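Some notes on the structure that comes next.
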Amino acid sequence: MSDYIKDAIISGVWETFVMTFFASLFSYLVGMPLGVILYSTSRGRLLENRGVNFVIGAIVNITRSLPFLILLVLLIPFTRFVVGQSIGTTAAIVPLTIGAIPIVARMVESSLNEVNPGIIEAATSMGASPIYTILHFIIPEATPSLLQGGAINVATVLGYSAMAGVIGGGGLGAIALQYGYYRYQKDVLWTTVTLLIIMVMLIQELGIRLSKKTRKT
Amino acid sequence: MDNVFELQNVYKTYKNDGKEFTALKDVSLTVKEGEIFGIIGMSGAGKSTLVRTLNRLEEVSSGTVSFYGKDLASLKARELREVRHSISMIFQGFNLVNQRTVIQNVEQSLRIIGTPRAVRREKAKQMLEIVGLSEKANEYPARLSGGQKQRVAIARALAVDPKVLLCDEATSALDPKITGEILDLLKKINEERKLTIVIITHEMSVVEKICDRVAIIDDGNLAEIGEVKDVFSNPQSKAAKKLVFPSNPFDPSDVNGQIVRLVFDGTQSNVPFISNLVEQTGLKVNILSANTKSVGGIGYGQMIIELPKPAKDRQTAIDFFKAGGLSVSEVTVNE
Ligand SMILES: Nc1ncnc2c1ncn2[C@@H]1O[C@H](COP(=O)(O)OP(=O)(O)O)[C@@H](O)[C@H]1O
Ligand SMILES: [Mg+2]
């Protein structure tokens, strides 16, 4: 492997890291509130609202059911509008975020669903408002599960970021595609794949440890 | 004495997927200030539904529930939350936040009513002292026993100085000994703080041990209501009789024979009372019905016996049982 390729791989790791980090961050900023809304507006919950739940649920389901590669292409004009360009690491963050939001939302919803309804009843009987109950009872109680889901989501984003390489997204995915596929350099292909696997495993491990550490049951 | 709760012709119908189920049918009753009011009935009778109408966790379908004269149904969301600060509740499943320490759990109720942080901590510490759990303040609930968890829930419920405490099967998940301890604690708090307590249970012994008055709920109806000693010694309704005489009792050998009910509340040691009575006094009693179970080697339940005829012998037998720590009450078997 030439030094040139080694440098490319090193910056590829960094780009992958940057894309995964920011896309995860942004997708949680939007997906977490969406997940909370999906949870709390569903039937029998504190802020039950069939209309809101149906609309958000439908949007989430539609975005989630689109294959990520299709979403990438569909979002090119939008990405150009947001960041001024449609290729490169920064540009890839946009479709990654959009693609991850519905996944995050459903994951958050299912974590919150696991919370013992008795705790919500106790909070209500103490005179807590629905918002207060969500912020101070439900979310704290769901924290270990939310962290576990978080690790899975970040690993998913990382996998998607490799796909973003197809449309010039940069990162390890782009390197694997360029050198490994188009130029058929097997060693580069295997190196990048190994690095991707290691990154995913590190994230999973970190998530599991954090979740375990916070779990008091 | 003021009425804390007043229920008038309360109906509750659940509607699910087009199916209707009426869980409360025309229930009217009052709960008086300072008393321990028991609500007893079989599983599914509607006890939880009833108690949940008292803090409007459940809306009534018709009729009114008033708290100190105020119709709960008329309250707006904010006013209802305000009222709920005076009506605390504890549950069979304790319902503590597992991800928060014991003291943080106790502080939650105070935080909801807006108590400043420093005051909150102090008050929570005091409450933990009252329930005897000071040394567990920084543990997480998962490390506590069931009885300890319920003590934390009691501390959390009472930290805000409520006017009433509602208990929905609060001791049903606990063994007899721990149940006894929790009930003693509730009784103590009732006396010291003049706290009105409403206790839901399916266990006779709970009502017998600490309640002043009792309502019997049967299939959504209020079957009977009155002083505990009256209802239990001379039950009128079919539902009450079924509770007091759980298995079909034998007929007494003499229609005028005196019948008493012995209650084992789990605090007695495992002593064979009847054979001891025979051995030590030579008296014979006739067992008409017995419904006892042994939990961890502790007798728990009740027995209906017919006492010997001579008045002197009766007294000897009653004294013997009382000395053994059993509660003895006269009953009338009419029918
Ligand atoms: N949310 C509900 N929807 C439909 N039926 C219910 C609901 N809650 C309780 N019930 C029914 O109402 C009856 C009384 O329930 P409950 O008050 O919990 O009884 P208890 O506490 O005496 O065991 C039961 O038959 C139960 O199945
Ligand atoms: Mg119940």
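Bear in mind these aren't lab numbers, they're just calculated from the coordinates by the rules spelled out. Bear in mind that the values here come from a model prediction, so they are computed numbers and not experimental data. Positions of Cβ are generated from backbone atoms using ideal geometry, with glycine treated the same way; all protein chains shown enter the neighbour counts.
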Kindly work out what percent of the DSSP beta bridges joining two residues of the protein assembly as shown are antiparallel, to the nearest 5.
70 percent
Which value in nm describes the separation of the simple spin-label points at A:Arg50 and B:Asp17, placed 7 Å from the Cα toward the beta carbon?
1.5 nm
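Only loop residues by DSSP count here, and only those with at most 13 other Cβ atoms within 10 Å; note down the trypsin sites (Lys or Arg not before Pro) in the stretch A:1-103 that meet that. Present the calculation step by step, with values, prior to reporting the outcome.
Values: sites: A:Lys6, A:Arg43, A:Arg45, A:Arg50, A:Arg64, A:Arg80; in loops: A:Arg43, A:Arg45.
Loop-located and lightly packed - A:Arg43.
Taking beta carbons within 10 Å but only from partner chains, what does the mean come to for residues B:97-104?
Going residue by residue through B:97-104 and averaging, the value is 5.
Tell me, B:Cys211, B:Cys167 in order of fewest to most beta-carbon neighbours within 10 Å?
Numbers: B:Cys211 25, B:Cys167 29.
Lowest count first: B:Cys211, B:Cys167.
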Would you calculate a helix-derived [θ] at 222 nm for chain B, using -39,500 (n - 2.57) for each DSSP H run of n ≥ 4 and dividing by the full residue count, to the nearest 500?
-10000 deg cm²/dmol
Cα centroid distance between the stretch A:32-84 and the stretch A:193-216, in Å?
26 Å
Qualifying GluC sites (Glu not before Pro) for the stretch B:108-165 [loop in DSSP, other Cβ within 10 Å: at most 16]:
B:Glu139
So for R0 = 51 Å, FRET eff. of B:Glu79-A:Lys213 from the Cβ-Cβ r, to 0.05, ends up at 0.75
Treating only Lys and Arg (+1) and Asp and Glu (-1) as charged, each at its beta carbon, one finds that chain B has a dipole about its Cα centre, in Debye to the nearest 20, of 1220 debye
Report the calculated FRET efficiency for B:Lys229 and B:Asn138 (r = Cβ-Cβ distance, R0 = 45 Å), to the nearest 0.05.
0.55
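Do the sum for chain A: with -39,500 (n - 2.57) for every DSSP H run of n ≥ 4, divided by all residues, what is the mean residue ellipticity at 222 nm, to the nearest 500 deg cm²/dmol? The partial results should precede the final answer.
Working: 10 runs with 168 residues, N = 217.
Counting only the DSSP helices, I get -26000 deg cm²/dmol.
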PRE reach from B:Ser275 (point 7 Å along Cα→Cβ): which of the stretch B:305-323 fall under 11 Å by backbone N?
none
Likely footprinting exposure, A:Met32, A:Met1, A:Met19, fewest C-beta neighbours within 10 Å first:
A:Met1, A:Met32, A:Met19
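Ratio of the protein assembly as shown's C-alpha Rg to 2.2 N^0.38 Å, to two decimals?
Details: Rg = 32.1 Å, N = 552, 2.2 N^0.38 = 24.2 Å.
Here the answer is 1.32, to two decimals.
Suppose R0 equals 25 Å; then what is the FRET efficiency for A:Phe21 and A:Tyr182 from their Cβ-Cβ distance, rounded to the nearest 0.05? It would help to have the intermediate numbers written out before the result.
On the way: r = 28 Å, r/R0 = 1.11.
Efficiency for this residue pair is about 0.35.
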Roughly how many debye, to the nearest 20, is the charge dipole of the protein assembly as shown about its Cα centre, given +1 on each Lys and Arg Cβ, -1 on each Asp and Glu Cβ, and no other charges?
1360 debye
In whole angstrom, how far apart do the alpha carbon centroids of the stretch A:123-183 and the stretch B:47-71 sit?
44 Å
Kindly identify chain B as rounded, prolate or oblate by the Cα gyration tensor criterion: order the square roots of the eigenvalues as a ≥ b ≥ c, call it rounded if a/c is under 1.5, otherwise compare a/b with b/c, prolate if a/b is larger, else oblate.
oblate
Sparse-neighbour loop sites [GluC sites (Glu not before Pro); the stretch B:1-78; at most 12 other C-beta within 10 Å; DSSP]
B:Glu59
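Would you mind ranking A:Ile175, B:Ile210, A:Ile59 so that the residue whose beta carbon has the fewest other beta carbons within 10 Å leads the list? Write out the running numbers ahead of the final one.
Numbers: A:Ile175 26, B:Ile210 19, A:Ile59 14.
Placing the least packed residue first, the sequence is A:Ile59, B:Ile210, A:Ile175.
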Picking from A:Ala92, A:Val200, B:Gly93, whose Cα lies most toward the positive end of the charge dipole for the protein assembly as shown (charges on Cβ: Lys, Arg +1; Asp, Glu -1)?
A:Ala92
Go through A:Thr143, A:Ala155, A:Gly173 and say which Cα lies farthest out towards the positive end of the charge dipole of the stretch A:143-217; charges sit on Cβ, +1 for Lys and Arg, -1 for Asp and Glu.
A:Thr143
Two-site label geometry, B:Asp212 and B:Ser61: point separation in nm, points 7 Å out along Cα→Cβ:
3.3 nm
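Hey, what did chain B get for relative contact order, percent, Cα under 8 Å, at least 6 apart? Write out the running numbers ahead of the final one.
Working: 640 pairs, mean separation 59.1, N = 335.
This gives 18 percent for chain B.
Based on the alpha-carbon gyration tensor of the stretch A:1-125 and its eigenvalue square roots a ≥ b ≥ c, which shape applies: rounded if a/c is under 1.5, prolate if not and a/b is larger than b/c, or oblate?
Details: a/c = 3.53, a/b = 2.09, b/c = 1.69.
Note, shape of the stretch A:1-125 comes out prolate.
Length gain on complete extension for the stretch A:Met201 to A:Leu135, per 0.36 nm per residue less the alpha carbon to alpha carbon distance?
This chain segment gains 20.7 nm when fully extended.
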